[in-house]
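If you scroll down you'll find the structure; I have some questions about it.
The values are calculated or read from the model by the stated rules, or taken from the named source; none is laboratory data. Just so it is clear, the model here is predicted, and its values are computed rather than measured. Here the Cβ is made from the backbone with ideal geometry for all residues, glycine too, and neighbour counts use every protein chain on show.
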């Protein structure tokens, strides 16, 4: 029985650790073309930046991220042109009493391009968005991201108000042409 309890607790810790690691430059979440993440009725099942990477202190040539970040990755192989946009929308938070509280997360987006660019996103970004107020969506057009290579989407906040620096979010992704991994003719 103790062995079963130990195995269950080890598995649970492994799941928590792997979900936390999936929000960093070293282990980003893979971003899928035409993906949609929405679930406003169940905010605990959608991603949040509140447990993400807090190592981004300066990004896009001088902007200071104040919140934790969730990092996504994709590879553009150059075969087709990306289209549409990536839109991140703050979601309602669990109010701790079984209900939903208003979304206050002030989303900021940055896209770093190039091998090793995520951790070095401290320089120039390929795209960024922080145009709207708290609780509002931010978008980045994919049409300008056409250089072949690795891309990293960093979702965080530039808010100076602690309550607005992190939160759950939904996301829609346009068309991300991907690199062909293998091809054969039999």
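When you look at residue 97, is it out of contact with any strand residue (DSSP E or B) (no Cβ under 6 Å at 6 or more places or on another chain) and modelled with pLDDT under 85, yes or no? Let's see the steps before the verdict.
Values: out of contact with any strand residue (DSSP E or B) (no Cβ under 6 Å at 6 or more places or on another chain): yes; modelled with pLDDT under 85: yes.
Answer is yes for this residue.
Name the residue, out of 17, 41, 5, 35, that is surrounded by 11 or more Cβ atoms within 10 Å (Cβ to Cβ) and either at pLDDT 70 or above or more than 16 Å from the chain's Cα centre (by Cα) (or both).
Just one listed residue meets the conditions, 35.
Let me ask something additional. On the given criteria, is residue 133 closer than 21 Å to residue 27 by Cβ, surrounded by fewer than 16 Cβ atoms within 10 Å (Cβ to Cβ) and at pLDDT below 85?
Judged against the criteria, residue 133 is not a match.
Of these, 125, 118, which one is modelled with pLDDT under 85, more than 19 Å from residue 34 (Cα to Cα) and within 14 Å of the chain's Cα centre (by Cα)? Before the answer, list the steps.
Values: 125 fails: within 14 Å of the chain's Cα centre (by Cα).
Just a single option satisfies the conditions, and that option is 118.
Pairs only if they're at least six apart or on different chains, beta carbon under 8 angstrom, first in region 131-143 and touching a residue at least 60 places away in the same chain (Cβ under 8 Å) and on the phi < 0 side of the Ramachandran plot, second part of a loop (DSSP other than H, G, I, E, B) and surrounded by 14 or more Cβ atoms within 10 Å (Cβ to Cβ); list them, first residue then second.
Sorted first by the residue in region 131-143, then by its partner, the pairs are 142/82; 142/176; 143/82.
Another question, if that's okay. Restricting region 68-110 to residues that are part of a loop (DSSP other than H, G, I, E, B) and touching a helix residue (DSSP H, G or I) at 6+ places or on another chain (Cβ under 8 Å), which is surrounded by the fewest Cβ atoms within 10 Å (Cβ to Cβ)?
Among them, the one singled out is 104.
May I ask you to list the residues in region 149-168 that are touching a helix residue (DSSP H, G or I) at 6+ places or on another chain (Cβ under 9 Å) and assigned to a strand (DSSP E or B)?
Scanning region 149-168 gives a single hit, 168.
Separate question: Mind counting the residues in region 51-67 that are at pLDDT below 80 and either on the phi > 0 side of the Ramachandran plot or part of a strand (DSSP E or B) (or both)?
5
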